[in-house]
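The values are calculated or read from the model by the stated rules, or taken from the named source; none is laboratory data. Just so you know, these numbers come straight off a predicted model, no measurement behind them. Methodologically, a virtual Cβ is constructed for each residue, glycine included, from the backbone with ideal geometry; neighbour enumeration extends over all protein chains shown.
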Amino acid sequence: MSKGLITTLVIVGIIVVFVGGFFMWGTGVYDSAIKSQENVNEAFSNVQATYQRRADLIPNLVATVKEAAENERGILTAVTQARAGIVGAKTPEDLEIAGRKINTAINLAFEAYPQIRSTENFQELQSQLEGTENRINVARQRYNETVKEYNSYVRGYFKRMALNMFGGGEDFSAKKGFEAAAGSENAPSVQDAFDK
């Protein structure tokens, strides 16, 4: 073999290794960008799922608490009305009738609703509201962290160059983190939910 042929083969070999290495690096960058993009999409979907949980859960909890409070109001009204009959009793017979009305009202009320639990229901509602808002906050924070990681990855000079060379630069534009809607710094009114 001539010296010129050997030199040519060495140069061709170096070019092949360089191009092959560059291609492997570029495809690795591209694949990593796709994975990072999918992580952003997943994090955003988790935020949406948490919103859906709130939308499904809170109205049902409010309805349960309202129903329990109505039942207890009925118990209190029946017992109060029966007690009023004792105050207005003029004879022992009236007193006996009023006493039976109180017992009957209490027994019927407790048969229909054996335990008075509106305070517990309101505490559970408060706990669920707090827990739900915490879940939403955590999901938003995770989304923002994922967006930051993604943006840091795809905006690097050499990575951006590789993404553009492999035809995917426009597919990997920077993402925006979670931004609150105007007025969302004001807490929603739970009272409005009870008034519906």
Residue, modelled with the highest pLDDT, within the range 107-127, restricted to residues that are crowded, with 17+ Cβ neighbours inside 10 Å and part of a helix (DSSP H, G or I): 125
Contacts under 9 angstrom Cβ, first residue in the range 37-60 being touching a residue at least 60 places away in the same chain (Cβ under 8 Å), partner among the hydrophobic types (A, V, I, L, M, F, W, C) and outside any helix (DSSP H, G or I), 6 or more apart: 44/178; 47/178
Residue list for the range 25-42, restricted to those being of a type in the set (D, E, K, R) and more than 26 Å from the chain's Cα centre (by Cα): 31
Some residue of the range 26-35 being modelled with pLDDT of 85 or more and either surrounded by 10 or more Cβ atoms within 10 Å (Cβ to Cβ) or more than 30 Å from residue 166 (Cα to Cα) (or both): yes
Failed item, numbered, when residue 95 is tested on (1) surrounded by 11 or more Cβ atoms within 10 Å (Cβ to Cβ); (2) closer than 30 Å to residue 55 by Cα; (3) at pLDDT below 65: (2)
Residue that is modelled with pLDDT of 75 or more, farther than 30 Å from residue 30 by Cβ and acidic (Asp, Glu), where the choices are 149, 185, 145, 133: 133
